[in-house]
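To start, the structure under review is shown below, and the notes come after it.
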Amino acid sequence: MSGNKKKFIVCSPGGCGSTHLCKLLNNHGETFHVHTRNPPRNLTYVDKKRKRKIFKLHEWFGRIKPEWFGRNRITEESLKDFTVVFLYRDIKKILISTWFDEQHLTNIQTEKKSLKKILKKLKDTHAKSEEAVRKYLELTLKEGSDLIDYYGFLMNYIGKPHGNYKVIAVNFDLLMSHKEKFICELELPEDFFNDHIDRAPALAALLEDDELWNPVETIFSKYTEKIGTMDPIEIF
């Protein structure tokens, strides 16, 4: 690591604790929060300047979103200052923490036909609520597939070769039990997690509802089985 300020790029499909982790990392460098579905082969800068109030305008003109990798490649000299982290977790915890609205689903680059189906199903439903989770799972069962495609999102980060950078994949559910390795890989101080607060998701009660999850278990099985084979903190 050079004498320059550390730069952390934290990637996730949402609902994986990325906002919280970014807040902690902000105390130790510059943080970029990214929801790009397909990461670049060679690392590029993140466009932080675009504002959410012009999100729709950028969608119409097909421009870069505020939480996407940009087009400009990071120079070889600057690469050593960047660390890329990809967060994932149990699919149930992702879904109960997700905003099922157009802005978030577009930001994580949900396929357009799937996006239309989700928004139609969840019309007039609060984007982050028990009703939204139940409706999405109903749609998942009806379609026989995960329309957001969390498995595909995961594999884009861990299943493809990266040209000039590595990805540190972190299971957020197991982060605190492997915090020493996380601190070591990111070259952080030993007291990094002193300000960490472990909060249960607002919809945590849904995790125990077997009648809700059992019907869709097979649909999410590829994702669940894959993360079950991974080390809690693994470099790709």
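The values are calculated or read from the model by the stated rules, or taken from the named source; none is laboratory data. Small disclaimer: the values here were computed from a predicted structure and weren't measured. Cβ placement follows ideal geometry from the backbone for every residue including glycine, while neighbour counts extend to all protein chains displayed.
The condition (being closer than 20 Å to Ile96 by Cβ and of a type in the set (D, E, K, R)) is satisfied by just one residue among Asp191, Asp231, Asp195, Asp149: Asp149. Given the criteria modelled with pLDDT of 95 or more and over 30 Å from Arg73 (Cβ atoms), does Glu208 qualify? Taking the combined requirement at face value, the residue satisfies it. Within region 95-117, take every residue that is of a type outside the set (S, T, N, Q) and in contact with a Pro (Cβ under 7 Å, 6 or more places away or on another chain) and give me the one that is surrounded by the most Cβ atoms within 10 Å (Cβ to Cβ). Among them, the one singled out is Ile108. Would region 76-96 turn up any residue that is closer than 30 Å to Leu212 by Cα, part of a loop (DSSP other than H, G, I, E, B), of a type outside the set (Val, Ile, Thr) and at pLDDT 95 or above? Yes, region 76-96 has at least one match.
The set of residues in region 20-39 that are surrounded by fewer than 20 Cβ atoms within 10 Å (Cβ to Cβ) and among the aliphatic types (A, V, I, L, M) contains only Leu24. Go through the residues of region 165-183 one by one and say whether even a single one is among the β-branched types (Val, Ile, Thr), assigned to a helix (DSSP H, G or I) and at pLDDT 95 or above. Yes; the residues of region 165-183 include at least one that is among the β-branched types (Val, Ile, Thr), assigned to a helix (DSSP H, G or I) and at pLDDT 95 or above. For the criterion of being charged (D, E, K, R) and either closer than 30 Å to Asn38 by Cβ or part of a helix (DSSP H, G or I) (or both), Glu211 passes.
Among the conditions (1) farther than 23 Å from Phe153 by Cβ; (2) in contact with a helix residue (DSSP H, G or I) (Cβ under 9 Å, 6 or more places away or on another chain); (3) without any contact (Cβ under 8 Å) to a residue 40 or more places away in the chain, the only one that Glu217 does not satisfy is (1).
Screening Ala200 with (1) more than 13 Å from Asp173 (Cβ to Cβ); (2) in a loop (DSSP other than H, G, I, E, B); (3) out of contact with any helix residue (DSSP H, G or I) (no Cβ under 9 Å at 6 or more places or on another chain) gives one miss only, at (1).
Inspect all residues belonging to region 174-193 and state whether any of them is within 24 Å of His104 (Cα to Cα) and either surrounded by 17 or more Cβ atoms within 10 Å (Cβ to Cβ) or of a type in the set (D, E, K, R) (or both).
no
Checking each residue in region 140-160 for being more than 19 Å from the chain's Cα centre (by Cα) and surrounded by fewer than 19 Cβ atoms within 10 Å (Cβ to Cβ) picks out Leu141, Lys142, Glu143, Gly144, Ser145.
Considering the conditions (1) modelled with pLDDT of 95 or more; (2) among the charged types (D, E, K, R); (3) touching a Lys or Arg at 6+ places or on another chain (Cβ under 9 Å), Glu190 is excluded by exactly one of them, (3). Scanning region 1-37 for residues that are out of contact with any strand residue (DSSP E or B) (no Cβ under 8 Å at 6 or more places or on another chain), at pLDDT below 95 and farther than 20 Å from Met176 by Cα yields a count of 4.
Under the condition of being over 17 Å from the mean Cα position of the chain (by Cα) and assigned to a helix (DSSP H, G or I), which residue from region 214-236 is nearest to Ile183 (Cα to Cα)? Steps first, answer last, please.
Just the residues of region 214-236 that are over 17 Å from the mean Cα position of the chain (by Cα), to begin with: 214-219, 221-222, 225, 228-229, 231.
Next, only the ones that are assigned to a helix (DSSP H, G or I) stay: 214-216, 221-222, 225, 228.
Values: Asn214: 36, Pro215: 39, Val216: 36, Ser221: 31, Lys222: 30, Glu225: 27, Gly228: 22 Å.
Only one residue tops the list, namely Gly228.
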